[in-house]
Amino acid sequence: MRVIRVKQVVIETFSHATEDFSKVKQALLNTIPSDMRNRVRVDVVNVKGHYGNEIGILKLRIKGSESLNVLKNIICSLSSTERNILIATLSNRVNAKASHLYIRLSKQQAYLNRLTLLEGGDVIKVMATIEGAMDVERLRKFLTELIGGCK
């Protein structure tokens with residue numbers, strides 16, 4: 001059996017002109033372990049919306065061994081009910097080869113340091129690149145074991 005590992009986690013959100021940029025950035029940073037927040041770089045790209053409004057695209061990219069810690073932090077910060085929802089809806093959250101896991105989090109709740117799942121447009125998008133899962137059931141087993149290590 002192949003070893004499953006988290007290769008990379010990309011976390012992205014938008015900061016609209018009507019939002020406080022520093023609060024949006026803090027919400028993004030609240031998705032990662034607190035000891036990492038001062039060591040990561042948030043990349044920002046400024047674009048214009050359809051009506052000419054300013055939009056900042058904020059992105060964190062964590063690679064290598066720390067990416068497992070980031071994914072575990074996100075999953076373990078969810079309530080047990082939301083972890084169950086994540087596992088139950090896993091087939092809707094992965095690509096065909098189960099090599100990418102997609103999670104959408106509430107930006108407002110993340111700012112309050114509470115991570116909750118949210119389906120919608122104004123969210124924090126998490127994409128974890130998973131190596132070695134090959135199918136949804138293997139990924140489900142991997143994530144269930146990861147959840148078992150949550151406090």
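The values are calculated or read from the model by the stated rules, or taken from the named source; none is laboratory data. The structure displayed is predicted, hence computed values, not measured ones. When we count neighbours, we look across all protein chains shown, and the Cβ atoms used for this are built from the backbone with ideal geometry, even at glycine.
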Please pick out the residue among 73, 84, 95 that is modelled with pLDDT of 95 or more and more than 14 Å from the chain's Cα centre (by Cα). 84
Quickly run through region 60-70 and pick out the residues that are surrounded by fewer than 21 Cβ atoms within 10 Å (Cβ to Cβ), outside any strand (DSSP E or B) and modelled with pLDDT of 95 or more. 66, 67, 68, 69
Hits in region 74-111 - residues which are closer than 21 Å to residue 15 by Cβ, in contact (Cβ under 8 Å) with a residue 40 or more places away in the chain and not in a helix (DSSP H, G or I): 105
Step by step: first the residues of region 99-147, then only those that are among the small types (Gly, Ala, Ser) and either closer than 22 Å to residue 4 by Cβ or buried (at least 22 other Cβ atoms within 10 Å of the Cβ) (or both), then the one that is nearest to the chain's Cα centre (by Cα). Which residue is that? 128
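Kindly indicate whether any position in region 2-18 is assigned to a loop (DSSP other than H, G, I, E, B), loosely packed, with under 15 Cβ neighbours inside 10 Å and touching a residue at least 60 places away in the same chain (Cβ under 8 Å).
Taking region 2-18 as the starting set, the residues that turn out to be assigned to a loop (DSSP other than H, G, I, E, B) are 2-4, 17-18.
Now restrict to residues that are loosely packed, with under 15 Cβ neighbours inside 10 Å: 2-3, 17-18.
Going one step further and asking which of them are touching a residue at least 60 places away in the same chain (Cβ under 8 Å), we end up with 2-3.
Checking region 2-18: at least one residue is assigned to a loop (DSSP other than H, G, I, E, B), loosely packed, with under 15 Cβ neighbours inside 10 Å and touching a residue at least 60 places away in the same chain (Cβ under 8 Å).
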Residues in region 19-42 that are out of contact with any Leu (no Cβ under 9 Å at 6 or more places or on another chain) and part of a helix (DSSP H, G or I) total 5
What pairs can you find where one residue is in region 33-45 and free of Cβ contacts under 8 Å to residues at least 40 places away in the same chain, the other is surrounded by 10 or more Cβ atoms within 10 Å (Cβ to Cβ) and in a strand (DSSP E or B), and their Cβ atoms are less than 6 Å apart, with a gap of 6+ or different chains? 40/60; 42/58; 42/60; 43/59; 44/56; 44/58; 45/57
What residue, among those in region 104-144 that are of a type in the set (D, E, K, R) and touching an Asp or Glu at 6+ places or on another chain (Cβ under 8 Å), is nearest to residue 66 (Cα to Cα)? 125
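Scan region 112-135 for residues that are small (Gly, Ala, Ser) and touching a residue at least 60 places away in the same chain (Cβ under 8 Å) and report the count.
3
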